[in-house]
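The values are calculated or read from the model by the stated rules, or taken from the named source; none is laboratory data. Every value quoted in this text rests on a predicted model; they were computed, and no experiment measured them. With ideal geometry, Cβ positions are generated from the backbone for all residues, glycine too; neighbour counts draw on all protein chains shown. Only protein heavy atoms, including side chains, enter the accessible area calculation; ligands, DNA and RNA are left aside. Shrake-Rupley method; radii C 1.70, N 1.55, O 1.52, S 1.80 Å.
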Amino acid sequence: MSGSFVWPPRHAAGFPAGCPDAGDSLGRLAQQRTRTVALAVVSSALRASVEDSGDHDAGLRRVRQSLACVARSTDSRRWWASYYGKDLVLTSADAAAPPGLRFAEGVRHGWAWERVELEGSLEERRQRLLAACYQVAMAARLRRDRPEIQEVRTGPLLGRLPTLLNPVQVASLLAGVLVRPLGGEAGVRGAAPGEDPRLPGVPSADGWRDTVAASPPGSFYAVSDVHDIEWGTVRRCDGARLTEGNARQMLPLAQAWAAGHSSTASVLGQAYRLRVGRESDLLEHLRTLSDSVRPSGRLHATLGDGLSGLVPSAAAMERAVTAANRRTGGRMHSGAGLVRVAPSMDASAVAERAHFSLHVTKTLKGTLSAQAAVHEFGTPLGAEDAGAALDFLTALARAPAARAGHHHLSHARRWRHWWLEHVPPRSRAGFARL
């Protein structure tokens, strides 16, 4: 039912012990009769941390441990800390100034804050808090990437966005992750115990290690990710659009804003509604993936727009990806990498091989190859697929480092030895040159 919120708040999936979920915390705050709330968000450079560590799981742990350390340095008598994704949310009912924050070395952070006026019904107050959290998170991410910016108040900072960034950059910022505890609205069930608080029906990241540790002989470790969630995928042969992208959906708003045709309030309101819709699409997509491998498989919400866990066979994962891509056809498609689990392999070795195979699917997106959807580690690529992958990576090598997707080239270079093992002999010289 609308207005039914969980308290005490559930654990924020994937974070260290003692880190409460931000959606639950904001929902509870909306129930209180506080008129003015101070809201601060600390965001982190997750991709940079992953690239530095060379290990997605290790990079994610590093970021979340750093956020927990920031929270512990904050006055807990005045500020309440909660978490989601790669962000820390701090709220206070009596703070007139931003929180005092201390950051350790090793993870790049950015932060911003704002005072939020709450009025109206319980649901209106809740939505006001969620929308404000989205805006403050945007400002935090801007300061994360532009450390020279001194302004910390969200309102003035977002009002300057069209003068600070070009429309493509603004669209990318508007498309950022938002705290969206799906559930609590009328007609939408909330997450059950063991499910991600933000993704009802999808197993929480907190159970991932137990699932992998109990892997039966012959099972496969799988990891999925939505391809091109920011800008969408086009078919390589003719440029036809296959899927929408979060940022591409925002581009007309950003362009109108830059041209002076839309106000800041109008753009931010429309952007938030679009993000909520895309988050609902993502839930539909991930829940289809998760449901399709059950009861013999189990995929957890370990990544922002992807799942990982165990499946009984490559065919089972192929069916799940096909079902999810069909369910959200034209909106979003996933690819998945998988590896057969051997008794001699530790969890990190298994995960790295699966991430390599996921990376293979990304180099083939937009092609007709079956391995653009699912690739099993150890399965060689034919000459045509190897050529398509090489074309994709070569284009990235020739493009500016700021181009979207350039990190795939870094992955390819780190996994150079595996690429050379997976492509035909006549393709190896081209890959070696990269």
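What the table shows:
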| item | result |
| --- | --- |
| Cβ pairs under 7 Å, 6+ apart, first in the range 100-124 and free of Cβ contacts under 8 Å to residues at least 40 places away in the same chain, second surrounded by 11 or more Cβ atoms within 10 Å (Cβ to Cβ) and in a loop (DSSP other than H, G, I, E, B) | Gly100/Thr74; Gly100/Asp75; Arg102/Ser73 |
| Enumeration of residues in the range 72-81 that are free of Cβ contacts under 8 Å to residues at least 24 places away in the same chain and crowded, with 23+ Cβ neighbours inside 10 Å | none |
| Selection status of His227, closer than 26 Å to Glu284 by Cβ and modelled with pLDDT of 95 or more | yes |
| The range 106-124, residues that are in a loop (DSSP other than H, G, I, E, B) and of a type in the set (A, V, I, L, M) | Val107, Leu118 |
| Filtered residue count, the range 368-406, keeping only those that are in a helix (DSSP H, G or I), open to solvent by 40 Å² or more (accessible area, probe 1.4 Å) and among the acidic types (Asp, Glu) | 2 |
| Residue among Pro193, Pro197 that is over 21 Å from Pro312 (Cβ atoms), touching a Lys or Arg at 6+ places or on another chain (Cβ under 7 Å) and modelled with pLDDT under 95 | Pro197 |
| Unmet requirement for Arg64, which otherwise passes all of (1) farther than 30 Å from His359 by Cα; (2) not in a loop (DSSP other than H, G, I, E, B) | (1) |
| Evaluation of Thr264 against (1) touching a helix residue (DSSP H, G or I) at 6+ places or on another chain (Cβ under 6 Å); (2) surrounded by fewer than 18 Cβ atoms within 10 Å (Cβ to Cβ); (3) within 15 Å of His333 (Cα to Cα); (4) among the hydroxyl-bearing types (Ser, Thr, Tyr) (one fails), failing number | (3) |
| Candidate set from the range 268-297 (those that are assigned to a loop (DSSP other than H, G, I, E, B) and of a type outside the set (Val, Ile, Thr)); member that is surrounded by the most Cβ atoms within 10 Å (Cβ to Cβ) | Gly297 |
| Matching residues, the range 264-284, being in contact with a Ser or Thr (Cβ under 7 Å, 6 or more places away or on another chain) and over 18 Å from Pro197 (Cβ atoms) | Asp281 |
| Cβ-Cβ under 7 Å pairs, at least 6 apart or on other chains, the range 131-154 side closer than 9 Å to Ala112 by Cβ and at pLDDT 95 or above, far side among the small types (Gly, Ala, Ser) and in a loop (DSSP other than H, G, I, E, B) | Ala137/Gly176; Met138/Gly176; Arg141/Gly176 |
| Residue within the range 125-139 that is touching a Ser or Thr at 6+ places or on another chain (Cβ under 7 Å) and not in a helix (DSSP H, G or I) present | no |
| Pick from the range 18-36, criterion part of a strand (DSSP E or B) and surrounded by fewer than 24 Cβ atoms within 10 Å (Cβ to Cβ), ranking: farthest from the chain's Cα centre (by Cα) | Thr36 |
| Which listed residue, of Thr328, Thr361, is within 18 Å of Gly245 (Cα to Cα), touching a strand residue (DSSP E or B) at 6+ places or on another chain (Cβ under 7 Å), of a type in the set (S, T, N, Q) and buried (at least 19 other Cβ atoms within 10 Å of the Cβ) | Thr361 |
| Top-ranked residue of the range 82-113 - restricted to ones that are open to solvent by 30 Å² or more (accessible area, probe 1.4 Å) and charged (D, E, K, R), ranked as farthest from the chain's Cα centre (by Cα) | Asp94 |
| Residue in the range 298-325 that is most open to solvent (accessible area, probe 1.4 Å), counting only those that are within 14 Å of Val339 (Cα to Cα) and assigned to a loop (DSSP other than H, G, I, E, B) | Pro312 |
| Matching residues in the range 201-251 - criterion: being touching a residue at least 60 places away in the same chain (Cβ under 8 Å), at positive phi and surrounded by fewer than 21 Cβ atoms within 10 Å (Cβ to Cβ) | Gly201, Gly218 |
| Identity of the residue in the range 331-347, in contact (Cβ under 8 Å) with a residue 60 or more places away in the chain and open to solvent by 40 Å² or more (accessible area, probe 1.4 Å), that ends up nearest to Leu289 (Cα to Cα) | His333 |
| Extreme residue, most open to solvent (accessible area, probe 1.4 Å), among residues of the range 407-434 that are within 15 Å of Glu384 (Cα to Cα) and not in a helix (DSSP H, G or I) | Pro424 |
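Residue by residue, here is whether (1) touching a helix residue (DSSP H, G or I) at 6+ places or on another chain (Cβ under 8 Å); (2) of a type in the set (Phe, Trp, Tyr); (3) closer than 18 Å to Gly232 by Cα holds:
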position: Ala247; (1), (2), (3): yes, no, yes
position: Ala259; (1), (2), (3): no, no, no
position: Leu274; (1), (2), (3): yes, no, yes
position: Gly277; (1), (2), (3): no, no, yes
position: Asp291; (1), (2), (3): no, no, no
position: Pro295; (1), (2), (3): no, no, no
position: Leu303; (1), (2), (3): yes, no, no
position: Leu310; (1), (2), (3): yes, no, no
